[in-house]
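Reading through the structure tokens given below for one structure.
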Amino acid sequence: MKAYKRRKKFIQTEAIALKVYDFGDADRIFIFLTPGQGIIKIVAKGIRKPKSKMGGHIDVLSKINAYISLNDNLSNLSQVETIENYKTIKEDLTLISVGFYLLELSEKFSVENDPNNDIYYLLSITLDKIDKSVHKELLMRWFELNLLSLSGFLPDLYNCQISGETLLEGDHLFSSINGGLVEKKFSTETDNYIYVDKNSIKAMRFLVNNEWDKVSTSKFSVKNLEKIKEVTKKYIQTITQSSINSEKFLSRVN
Amino acid sequence: MSPLNNSPFIPEALNDLIESFRLLPSIGPKTAQRLAFATLKMPTDQVKSISLALSDIKNKIIYCEICQNISQEAKCEICITESRDRSTICVVEEAMDVYVLEKSGAYKGLFHVLHGSLSPANGIGPEEIRINELVTRIENDENVKEIVVATNLNLEGEATAMYINQIISESGTKVKVSRLARGMPSGSDIEYADDTTISHALGSRVIIDEGL
């Protein structure tokens with residue numbers, strides 16, 4: 001019987017490089033976030049050699065157009081073109097640390113070979129907005145809450161997670177374990193809660209429900225942003241059951 | 001996995017050797033088998049010599065107390081050579097990079113090996129690489145006038161270079177910090193160069209004739 005040779009399948013896709021590892025003598029493994037395939041892992045052969053034609057086109061924190069030959073085990077990157085190199089981010093250590101943080105979060109909330117256009121476009125829009133004048137803390141909080149929303153983990157900010165009642169305007173408690181706000185009277189029934197004032201609750205709701213262009217022109221107090229940071233940090237840790245590695249570096253260089 | 005691995009027909013000692021070779025980078029199951037069978041066919045004294053070299057690498061190799069390069073003595077050969085330029089320290093990611101720069105013959109100063117680069121997403125921060133040792137070294141050695149940061153030209157290498165620059169300026173030491181030039185590799189065609197390389201090459205262009 002004549003041997004059947006399966007034809008290789010090629011795809012062309014836009015992608016953002018989230019992570020990279022050295023592999024073999026001169027190769028690298030990249031983890032891409034793509035609009036149509038979710039996370040994909042590919043090998044870029046010979047890319048560490050100075051004369052590699054792909055080397056300058058691709059690095060972590062680059063938006064590229066990738067031509068990938070799909071294989072059962074590890075797919076191959078056969079050609080690559082830069083769409084956006086995010087030069088502004090790469091020339092500033094503080095912005096790089098923000099970039100690393102956004103990439104790590106996107107990886108944690110995306111699934112391999114599972115299309116999730118929205119997370120890709122959220123990351124892409126957020127990276128496009130970063131420059132020296134951007135309010136970094138506000139952008140990160142907006143990104144975190146929208147990432148939680150798109151991945152189906154948005155905490156309930158309107159109903160008490162214990163009684164089920166609609167929350168009245170006022171200060172409440174945030175319980176990561178219960179997945180949202182609870183009334184203050186339940187403080188003995190939920191562990192590790194965070195006390196959240198009414199303005200911070202309003203700010204969180206506003207961030208989830210609005211596009212960046214509207215958010216960026218609105219005023220937020222430092223105190224509210226700090227509180228939202230405390231809530232999202234604790235909640236993300238509970239969901240992912242791990243801490244975000246790049247957060248330590250982010251707080252160190254900022 | 002190759003059908004030979006963990007087969008009951010393979011003697012345990014040979015199987016252990018195959019599994020040991022597989023721990024090395026770039027060695028797959030097939031190559032591990034070839035290496036194990038090749039070792040079996042070698043004369044006993046050669047095998048003993050390989051075995052001795054393997055145990056020596058862990059017993060005898062230490063890090064130089066000055067530059068953190070690999071060495072057999074407390075201070076490495078480069079650090080004790082009097083003729084080297086003591087005003088310049090070239091900072092590299094790995095010990096292998098020292099040998100590449102040395103081979104070029106273009107650098108006569110001292111080195112500092114970080115043993116990695118900042119990779120926040122993988123949990124590698126400044127404490128995990130030897131940046132603090134570099135700062136202490138600069139603070140305690142008034143001969144040092146320039147730090148040449150020769151970390152890799154990727155995002156992690158660039159972040160490491162920027163962090164070194166930031167921490168040296170914060171330490172208050174008056175040391176110049178420079179970075180390796182970026183541009184077209186020798187023998188390459190402009191046709192295939194990417195935008196980043198071209199823009200760096202233009203930025204670091206060299207004047208052939210002033211035209212005066």
Practice task
Using only the alpha-carbon atoms of region A:108-254, report the extent along each of the three principal axes, biggest first, to the nearest angstrom.
Solution key: 43, 37, 29
Completion exercise
At the level of C-alpha centres, the distance separating region B:46-88 and region A:195-246, in angstrom, is 51
Practice task
Report the FRET efficiency, 1/(1 + (r/R0)^6), for residue A:240 and residue A:158, where r is their Cβ-Cβ distance and R0 is 25 Å, rounded to 0.05.
Solution key: 0.55
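Please state, as a whole number in µm²/s, the translational diffusion coefficient that the Stokes-Einstein equation yields for region B:23-115 at 25 °C and 0.890 mPa s, with Rh defined as the Kirkwood radius across alpha carbon pairs. Don't skip to the end; give the middle numbers.
Working: Rh = 15.8 Å.
Value of D from the Cα-based Kirkwood radius: 155 µm²/s.
Estimate the FRET efficiency between residue B:82 and residue A:73 by the formula 1/(1 + (r/R0)^6), using the beta-carbon distance for r and 60 Å for R0, to the nearest 0.05. Before the final figure, lay out the partial values.
Values: r = 53 Å, r/R0 = 0.89.
Between residue B:82 and residue A:73 the formula returns 0.65.
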Exercise for the section: May I ask for the equivalent-ellipsoid semi-axes of the protein assembly as shown, computed as the square root of five times each C-alpha gyration tensor eigenvalue and listed largest first in whole Å? Expected result: 44, 32, 26
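Mind ordering A:238-250, B:199-211 by average Cβ neighbours within 10 Å, highest first?
Values: A:238-250: 16.4, B:199-211: 9.5.
In descending order of packing, they fall as A:238-250, B:199-211.
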Handout entry: Of the trypsin sites (Lys or Arg not before Pro) in region B:121-196, those whose Cβ has at most 12 other Cβ within 10 Å and which sit in DSSP loop
Key = B:174
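In region A:36-78, what trypsin sites (Lys or Arg not before Pro) fall in a loop by DSSP, with at most 13 other Cβ atoms inside 10 Å?
On the way: sites: A:41, A:45, A:48, A:51, A:53, A:63; in loops: A:45, A:48, A:51, A:53.
Answer in residue order: A:51.
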Practice task
May I ask for the equivalent-ellipsoid semi-axes of region B:66-179, computed as the square root of five times each C-alpha gyration tensor eigenvalue and listed largest first in whole Å?
Solution key: 21, 17, 13
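Take the residue pairs A:136/A:184; A:63/A:234; A:90/B:176 and return only those whose Cα atoms are more than 27 Å apart. Mind dumping the intermediate values first?
On the way: A:136/A:184 31 Å; A:63/A:234 30 Å; A:90/B:176 22 Å.
Too far apart for the 27 Å limit: A:136/A:184; A:63/A:234.
For region A:37-166, what class follows from the C-alpha gyration tensor (a ≥ b ≥ c being the square roots of its eigenvalues): rounded when a/c is under 1.5, otherwise prolate if a/b is larger than b/c, else oblate?
Values: a/c = 3.31, a/b = 1.57, b/c = 2.11.
Because a/c hits 1.5 or more and a/b fails to exceed b/c, region A:37-166 counts as oblate.
Can you give the convex hull volume of the alpha carbon atoms of region A:124-203 per residue, in Å³? Numbers along the way, then the final one.
Working: hull volume 8.2 nm³, N = 80.
About 102 Å³ per residue, rounded to a whole number.
Let me know the shape class of chain A, please: from the alpha-carbon gyration tensor, a ≥ b ≥ c as square roots of the eigenvalues, rounded when a/c is under 1.5, otherwise prolate if a/b is greater than b/c, or oblate. Please report the intermediate quantities before stating the final value.
Values: a/c = 2.62, a/b = 1.87, b/c = 1.40.
Judged from the Cα gyration tensor, chain A comes out prolate (a/c at least 1.5, a/b above b/c).
Quickly estimate the mean residue ellipticity at 222 nm for chain A, helices only: each DSSP H run with n ≥ 4 gives -39500 (n - 2.57), and the total goes over all residues, rounded to 500. Before the final figure, lay out each step's value.
Details: 8 runs with 93 residues, N = 254.
Calculated at 222 nm, the ellipticity per residue is -11500 deg cm²/dmol.
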Exercise for the section: List, in the order given, every pair from A:132/A:223; A:248/B:145; A:45/A:233 whose Cα-Cα distance in the structure shown is over 29 Å. Expected result: A:248/B:145; A:45/A:233
Practice task
Mind checking which lysines have their Cα closer than 18 Å to the Cα of residue B:103? Skip sequence neighbours fewer than 8 apart in that chain.
Solution key: A:49
Exercise for the section: Whole Å is fine, so just give me how far the alpha carbon centre of region B:147-162 lies from that of region A:122-180. Expected result: 35
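So what's the back-of-envelope 222 nm ellipticity for chain B, counting only DSSP H runs of four-plus at -39500 (n - 2.57) apiece and dividing by all residues, rounded to 500? If you can, show how the numbers build up before the last one.
On the way: 8 runs with 90 residues, N = 212.
Result for chain B: -13000 deg cm²/dmol, rounded to the nearest 500.
Which entries of A:19/B:30; B:108/B:174; A:51/B:174 show an alpha-carbon separation above 26 angstrom in the structure shown?
Working: A:19/B:30 29 Å; B:108/B:174 21 Å; A:51/B:174 37 Å.
Listed pairs above 26 Å: A:19/B:30; A:51/B:174.
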Practice task
Please give the per residue volume of the convex hull enclosing the alpha carbon atoms of chain B, rounded to a whole number of Å³.
Solution key: 228
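Determine, for A:212, A:142, the number of other Cβ atoms within 10 Å of each Cβ, and report the residues in order from fewest to most.
Working: A:212 19, A:142 24.
By the 10 Å Cβ count, ascending, the order reads A:212, A:142.
Can you give the percent of C-alpha pairs in region B:12-59 whose distance is more than 17 Å? Let's see the in-between values first.
Details: 420 of 1128 pairs.
For region B:12-59, the fraction of Cα-Cα distances above 17 Å is 37 percent.
Taking the number of other C-beta atoms within 10 Å as the exposure measure, put A:144, B:191 in order starting with the fewest.
If I rank by nearby Cβ atoms, fewest first, I get B:191, A:144.
Here, each number is a calculation from the coordinates, and none is a lab measurement. This one's a predicted model, so the numbers in the text were calculated from it and none came from an experiment. Please note: Cβ atoms are built from the backbone with ideal geometry, for glycine as well, and neighbour counts cover all protein chains shown.
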